[in-house]
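The values are calculated or read from the model by the stated rules, or taken from the named source; none is laboratory data. Since the structure is predicted, the reported quantities are computational estimates derived from the model, not experimental observations. No Cβ is skipped: glycine too gets one built from the backbone with ideal geometry, and neighbour counts run over all protein chains shown.
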Amino acid sequence: MSLIEKIRRRDASLAVIGLGYVGLPLLVEFARAGFRTVGIDIDADKVRRVNAGESYVGDVPAAVLGEAVASGRLRATTDFSVLAQADTVNICVPTPLRKTRDPDISYIVACVEEIAKYLHDPQLVILESTTYPGTTEEVIQPMLEAGGYRTGENFFLAFSPERVDPGNAKFNTKNIPKVVGGITPACTEVAAALYASTLAEVVSVSSARVAETVKLLENTFRSVNIGLVNEIALMCGKMEIDVWEVIAAAATKPFGFMAFYPGPGLGGHCIPIDPFYLSWKAKLAGFEARFIELAGQINGSMPEYVVTKVADTLNSLRKSVNGSRVLVVGVSYKADIDDIRESPALDIIRLLRKHGAEVVFHDRLVDPEHAELEGTRYVDLKPETARACDCAVVVTGHSGVDYQVLLENAPAVVDTRNVYSGVRSPKIVKL
Ligand SMILES: NC(=O)c1ccc[n+]([C@@H]2O[C@H](COP(=O)([O-])OP(=O)(O)OC[C@H]3O[C@@H](n4cnc5c(N)ncnc54)[C@H](O)[C@@H]3O)[C@@H](O)[C@H]2O)c1
């Protein structure tokens with residue numbers, strides 16, 4: 001039986017490597033589609049929690065994970081030798097930047113070394129981690145072919161970007177169209193068959209290189225447009241024009257305009273990082289990606305702008321940053337999630353503390369003991385904590401939080417997310 005036939009009949013055994021925000025939802029979807037699945041992670045605690053049906057990813061309800069585990073179709077392990085029995089392998093490991101802003105693909109390389117040990121004929125390997133164009137062909141293919149197997153003949157290799165948006169109630173792993181591009185047409189065909197068995201829509205493209213670039217275009221589009229609107233916000237600030245009102249009115253145009261909103265800076269695992277994967281690779285081809293660099297500079301300057309707003313606000317109250325207590329509300333990188341990776345709130349807190357402020361924070365979703373917030377005390381959002389600060393800063397506007405408490409009790413509020421949209425009060429300072 002061919003691998004495609006095995007997939008269509010749900011007889012294939014599927015492995016996912018890296019059980020984070022991307023890998024765990026994918027593993028669960030494969031299991032729900034009726035496959036036998038195994039998740040592999042080097043983090044023994046995550047493996048233990050998955051096997052206990054305990055979800056640590058907001059988009060995966062514990063009941064759904066628990067049901068998949070109880071059905072016997074989903075299990076997790078730290079042992080890569082299970083790959084010897086897997087017909088397909090999806091790689092969902094991190095792809096951060098080094099301090100120099102160069103891509104760090106060491107996690108991909110580490111797990112491909114393991115896959116190479118257990119590669120067999122036929123097997124499908126798909127990279128989902130966001131990376132620079134050419135990674136699948138230039139890095140992974142030679143590693144997997146070193147043992148003598150040929151791509152598109154003995155094994156199949158493809159890239160498929162993950163587009164999940166944590167916390168998005170409408171679009172999830174299952175219903176976001178899945179782009180896929182293989183090293184050979186046969187690779188694309190087998191990879192597309194796998195996704196078609198489980199997900200709502202598959203979009204095949206001509207190569208892995210195109211699929212890699214699709215993801216980077218999407219994230220660069222966001223970074224550049226956010227950079228543009230942040231620059232407009234800085235400009236409006238100088239000219240004393242309400243940027244939020246400008247955007248709201250511009251957004252009534254039914255064509256040719258897409259609303260992006262200013263904010264305290266970029267956060268998360270994708271938008272602040274991925275465009276630099278593209279500009280790094282472009283540089284190797286002798287091309288300087290100017291929009292990417294410029295957007296990076298503007299977006300990266302926003303935390304400092306927020307701190308300037310706090311300083312100006314305190315100044316108007318005859319206070320200095322040094323010695324003031326600042327309450328930072330919402331520290332995750334965007335609303336309604338618990339992820340603080342690359343969150344601009346961390347930069348804002350660091351800068352405020354550097355200037356001598358005592359910083360306390362509130363976030364109903366983020367673990368108060370989070371290591372990255374060390375030294376910043378957690379407080380509940382109550383009238384007395386709001387009254388006890390000299391200024392509050394809303395960095396992330398989680399839905400369902402009672403921000404009215406700040407309006408009624410804090411001496412001043414710097415609002416970076418327009419949570420007080422439409423509210424006019426001398427207490428509120430907008431971005
Ligand atoms: N989080 C998102 O919203 C999102 C969206 C689209 C794309 N992506 C991309 O998907 C990839 C994964 O992101 P994530 O947010 O799921 O990361 P994550 O940190 O949540 O999860 C990655 C997992 O991989 C594990 N891991 C690391 N090295 C490993 C190895 N050698 N072998 C096995 N497991 C290993 C880690 O322990 C962790 O559990 C990244 O390339 C990211 O850019 C993320």
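Assorted remarks:
- Those strands (runs of 3 or more DSSP E) of region 370-431 in which 2 or more residues are touching an Asp or Glu at 6+ places or on another chain (Cβ under 7 Å) occupy 428-430.
- Matching residues in region 158-184 - criterion: being within 11 Å of the ligand (Cβ to nearest atom) and within 17 Å of Val64 (Cα to Cα): Pro166, Gly167, Thr173
- In region 81-94, residue nearest to the ligand (Cβ to nearest atom) [restricted to those that are over 16 Å from Gly20 (Cα atoms) and crowded, with 19+ Cβ neighbours inside 10 Å]: Leu83
- Taking residues in region 143-165 that are within 30 Å of Ile337 (Cα to Cα) and hydroxyl-bearing (Ser, Thr, Tyr), and partners anywhere that are within 16 Å of the ligand (Cβ to nearest atom) and in a loop (DSSP other than H, G, I, E, B), the pairs with Cβ atoms closer than 6 Å and at least 6 places apart or on different chains are Ser160/Glu128.
- The condition (being touching a strand residue (DSSP E or B) at 6+ places or on another chain (Cβ under 8 Å) and under 21 Å from Ala295 (Cβ atoms)) is satisfied by just one residue among Val202, Val210, Val214, Val246: Val214.
- Flag if Val180 is touching a Pro at 6+ places or on another chain (Cβ under 8 Å) and crowded, with 16+ Cβ neighbours inside 10 Å: no
- Scanning region 93-118 for residues that are closer than 29 Å to Gly296 by Cα and of a type outside the set (A, V, I, L, M) yields Pro94, Thr95, Pro96, Arg98, Lys99, Thr100, Arg101, Asp102, Pro103, Asp104, Ser106, Tyr107.
- Qualifying residues in region 395-431 (those that are closer than 23 Å to Ile247 by Cβ and polar (S, T, N, Q)) - the one nearest to the chain's Cα centre (by Cα): Thr396
- Test: Leu97 is more than 10 Å from the ligand (Cβ to nearest atom) and at pLDDT below 95: yes
- Taking (1) surrounded by fewer than 24 Cβ atoms within 10 Å (Cβ to Cβ); (2) in contact (Cβ under 8 Å) with a residue 40 or more places away in the chain; (3) more than 6 Å from the ligand (Cβ to nearest atom) in turn, Gly34 satisfies each apart from (2).
- Conditions (1) of a type in the set (Ser, Thr, Tyr); (2) touching a helix residue (DSSP H, G or I) at 6+ places or on another chain (Cβ under 6 Å); (3) within 29 Å of Tyr277 (Cα to Cα): number failed by Ser197: (3)
- Scan of region 319-369 for residues that are part of a helix (DSSP H, G or I) and in contact (Cβ under 8 Å) with a residue 60 or more places away in the chain, ordered by number: Pro344, Ala345, Asp347, Ile348
- Scan of region 190-240 for residues that are surrounded by fewer than 16 Cβ atoms within 10 Å (Cβ to Cβ), more than 24 Å from Gly300 (Cα to Cα) and among the charged types (D, E, K, R), ordered by number: Glu201
- In the set Arg353, Arg364, only one residue is under 20 Å from Val419 (Cα atoms) and either within 30 Å of the chain's Cα centre (by Cα) or surrounded by 17 or more Cβ atoms within 10 Å (Cβ to Cβ) (or both); that residue is Arg364.
- Qualifying residue in region 385-405 (condition: of a type in the set (A, V, I, L, M) and at pLDDT below 95): yes
- Whichever residue in region 1-24 is more than 9 Å from the ligand (Cβ to nearest atom) and assigned to a helix (DSSP H, G or I) and, among such residues, is nearest to the chain's Cα centre (by Cα): Ile7
- Selection of region 37-61 for residues being within 15 Å of the ligand (Cβ to nearest atom), of a type in the set (Gly, Ala, Ser) and not in a helix (DSSP H, G or I) yields Gly39, Ser55, Gly58.
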